[in-house]
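The values are calculated or read from the model by the stated rules, or taken from the named source; none is laboratory data. Not measured: the values here are computed from a predicted model. Because the Cβ atoms are built from the backbone with ideal geometry, glycine has one as well, and the counts that use them run over all protein chains shown. Areas reflect the complete protein model, heavy atoms only, side chains present, ligands, DNA and RNA absent. Shrake-Rupley method; radii C 1.70, N 1.55, O 1.52, S 1.80 Å.
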Amino acid sequence: MFIETETTPNPSALKFLPGQTVMDTGSREFATPEAAEASPLAQAIFDTGEVVNVFFGADFVSVTAAPGADWSALKPQVIAILLDHFVSEAPLFAGGSAGGFAVPPEDEAVVEERAEDAEVIAAINELLETRVRPAVAGDGGDIAYRGFRDGVVYLTLQGSCSGCPSSTATLKHGIEGLLKHYVPEVVEVRAA
């Protein structure tokens, strides 16, 4: 087995491609060692002591190094952990499945949406799913819809995209421009 690595726009993060499916559906982010306890793989990566974020995408794992961490020493450790996991065909999550994980979590809306906005919300989600998510996944991350109210779309960048120096530009210039172009009701995109 060979694991490829790719740089991401976030200089603290690397994208690891094991050449096979990581998550059958959705994605999962682990922003703390405590959250990583749900996954033996994420926990092992956090156990290196130099990681602040682990993100599982469809066919990749993004890892964000702690400030001051040395990727030349950390990268071989992460590759070894990933190789051990995928070669042994160990379960990704404790209990053997990702069942019960909604991505994005359904209870994390930041605004109360109105029924009369249902068509606009559907159009926003369609664009996010077909245009934005594939591009963001290419950079080792994901995007979570968090709500729409009074012309404002609330989104959260995940994985290598969270904390990336260009994340504000991605939201304001890339995603906001796309949504405003196709959905005239959108006037602004905000990080949630």
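General observations
- Lysines whose Cα lies under 19 Å from that of residue 15, excluding same-chain neighbours fewer than 8 positions away: 75
- Net length gained if the chain between residue 149 and residue 168 were fully extended (0.36 nm per residue, minus Cα distance): 4.8 nm
- Residue list for the range 150-181, given a label point 7 angstrom along the Cα-to-Cβ vector of residue 188 and an amide N cut-off under 19 Å: 150-157, 167-181
- The chain: antiparallel DSSP beta bridges as a percent of all, rounded to 5: 85 percent
- Proximal lysines to residue 180, defined as alpha-carbon separation beneath 28 angstrom and excluding residues fewer than eight positions away on the same chain: 172
- Relative to the longest principal axis of the Cα atoms of the chain, the long axis of helix 118-127 lies at roughly 40 degrees.
- Calculated diffusion of the chain, Stokes-Einstein form, Kirkwood radius summed over Cα pairs, 10 °C and 1.306 mPa s, µm²/s: 92 µm²/s
- For the chain, the per residue solvent-accessible surface stands at 49 Å², with DNA, RNA and ligands left out and a 1.4 Å probe.
- Rounded, prolate or oblate (a/c below 1.5 giving rounded, otherwise prolate when a/b exceeds b/c) for the range 4-88 by Cα gyration tensor: rounded
- Calculated mean residue ellipticity, 222 nm, the chain: -7000 deg cm²/dmol, from DSSP H runs (n ≥ 4) at -39500 (n - 2.57) each, averaged per residue and rounded to 500.
- Residues whose amide H comes within less than 5 Å of that of residue 146, counting only those at least five positions distant or on another chain, are 154, 155, 156 (H built at 1.01 Å from N in the peptide plane).
- Surface composition of the chain: carbon and sulfur atoms hold 51% of the protein heavy-atom accessible area at a 1.4 Å probe.
- By DSSP, the beta bridges lying fully in the range 115-191 are antiparallel in about 65 percent of cases.
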